[in-house]
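Quick notes on the structure that follows.
Throughout, read-outs are computed from the coordinates displayed, never taken from laboratory work. What you are looking at is a predicted structure, and each value in this text was computed from that prediction instead of being measured. Because the Cβ atoms are built from the backbone with ideal geometry, glycine has one as well, and the counts that use them run over all protein chains shown.
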Amino acid sequence: MPQPADLERLTTLARPHRDMINIMPLQTGSLLTDAARRALVEFGDGYSVCDFCQGRLTDIANPPVRQFVNEMLPEFLGSERATLTYGARDGVFMVLHSLTKPGDVVVVDGNRHYSTAVAAERAEVELVTVPNSGYPEYTVDAEGFDVALSKQHKVALVILTYPDGRFGNLADAPRVGEIAESLGIPYLVNGAYCVGRMPVRMSELHADFIVGSGHKSMASAGPSGVLGMKARWEEVVLRRSSLHKTKEVECLGCTVRGVPLVTLMASFPSVVERVQHWDEQVAKAQWFSAAMEEIGFRQLGEKPHRHDLMVFETTALYDISQRVRERGYYLYKEMEARGIWGVKPGQTKALELSTFAATREQLKQVVEAFQDILEKYR
Ligand SMILES: *Cc1c(COP(=O)(O)O)cnc(C)c1O
C-alpha cells in the first residue's frame, strides 16, 4: 500500500504508454501541444495566473485572458458571449441551474451523457428523453424533439448531445434548433466531443448555448471547459453577485485558473487550425471503420460515420475471452504489447475507439494488431 511519502515518486514515474499509439476516446483530443506543455510548467504554481488580476479573471490582460474569453472564444464558437468552466458538465449545470426551477421539464436526447442526468438531478429538474433508434445505429431523429415538446406542457430547456459520447452520432442539430426556436424554448448543444475537433458555430445550430470540454477536445490539461451563449443570456447565466459586484454567482466568483486555463489558451491556435482539417479526420475514421469491418467487426452507430469516435461490436474477441486464462484482460495486454493504448482493461465485447490522434499508418497498425490477435487465438 502506498504511503504519503511514496507519492512523490509514484506521481513522477514516466507513464509507460505516453508515446504509444493512442486510440482512447477520452484522450485523443486532449494531447497537449508543445506550447501547452511549456505553459504547464511555467504556470504550475497555484494562483499563478492571478499575478495581474484586479478582481475579475476575465479582465486579466497578461496572460491575455480578457481577449481570449471576450473575443477569441466567441468568434471560435460562433456565439455572442463566452465564459470558462471546469468542463462540459459544469457548463451544462450552470445553464440548467440558472434557467430552470426545481420541477421544471428539460427535454434531452436518448444518447445523453451521464453527467447531463446528474446535472439535472442536482438542479432538481425532470428529464424527458427523446429515444434513440436502438441497435445497431442508435440514431436520434430531430423530429422526435418535435413530438416530445408537443406532448409537454412547458419545457424549460432542450439539450442535444452533439455528437453523443458513445457512438459518435451527429444528430441534426440545426433542425433541433429550429424546432426549439419555433416554440421559444432555449436550446443547449453539448459539444464535448465536437468543440475543438470539428468546425461548429453555435449560431448555425440555432442554439442559445454551446458547451465544450477543454480536457476532452481542446488539448488542455483541464479540468477546463467553455460555454458560449447568446448575449440575451448574459444577465441570467453570468449574473453578478449582489454582495460582490465584480463576481459572478454561477461560477462562485471566479472560475478555471492556472494550468487548466493556460494550457487551454496555449493550445488554442493549433485547435483553431486543426478543426479546418475535419474532413480529413472523417475520411480517416471511415477508412478505419471499413478496415475493421473487413476483419469481421461491426461498427455500431451511424454509417457512413461522420466522427472519429466509434464503437465496434467485437464478438470474436469476446469469444476468445471465454476460453483464455486472463479472461477479458488478454486483449488489453496484447494491444499494449503491440504499442497500442486505449482498449480498456477487461473490455472485449464492444470497443469504443477514437481515430483522432493516430495517423493512417498507425491505424493500419491497429487493424493489423487486431488481426494478429484473432489469428493467434484462433
Ligand atoms: C466527456 C463528456 C462530458 C463530460 O465532459 P467534462 O468536460 O469532463 O465535464 C459531457 N458530455 C459528453 C457528451 C461527453 O462526452
Of all residues in the range 141-174, how many are closer than 29 Å to T355 by Cβ and among the acidic types (D, E)? 3
Give just the number: which of (1) free of Cβ contacts under 8 Å to residues at least 60 places away in the same chain; (2) under 26 Å from A36 (Cβ atoms); (3) surrounded by fewer than 15 Cβ atoms within 10 Å (Cβ to Cβ) does V282 not satisfy? (3)
Residue among T33, T85 that alone is out of contact with any Leu (no Cβ under 7 Å at 6 or more places or on another chain) and of a type outside the set (D, E): T33
Wholly within the range 1-96, which helices (runs of 4 or more DSSP H) include no fewer than the required count, namely at least 2 residues that are among the hydroxyl-bearing types (S, T, Y) and surrounded by 19 or more Cβ atoms within 10 Å (Cβ to Cβ)? none
Given the conditions (1) within 16 Å of the ligand (Cβ to nearest atom); (2) more than 28 Å from E313 (Cα to Cα); (3) surrounded by 17 or more Cβ atoms within 10 Å (Cβ to Cβ), report the number of the one that V108 does not fulfil. (2)
Among the residues of the range 72-101, count how many are under 21 Å from K247 (Cβ atoms), within 18 Å of the chain's Cα centre (by Cα) and of a type in the set (G, A, S). 3
Return a yes/no flag: does the range 285-299 have any residue that is surrounded by 15 or more Cβ atoms within 10 Å (Cβ to Cβ), touching a Pro at 6+ places or on another chain (Cβ under 6 Å) and hydrophobic (A, V, I, L, M, F, W, C). no
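The rows are residues; the columns are (1) touching a residue at least 40 places away in the same chain (Cβ under 8 Å); (2) closer than 16 Å to M229 by Cβ.
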| residue | (1), (2) |
| --- | --- |
| D59 | no, no |
| E71 | no, yes |
| Y86 | yes, no |
| V92 | yes, yes |
| L99 | yes, yes |
| R112 | yes, no |
Please go through (1) surrounded by fewer than 22 Cβ atoms within 10 Å (Cβ to Cβ); (2) in contact with a Lys or Arg (Cβ under 9 Å, 6 or more places away or on another chain); (3) touching a residue at least 24 places away in the same chain (Cβ under 8 Å) for R306 and return the number of the only condition it doesn't satisfy. (2)
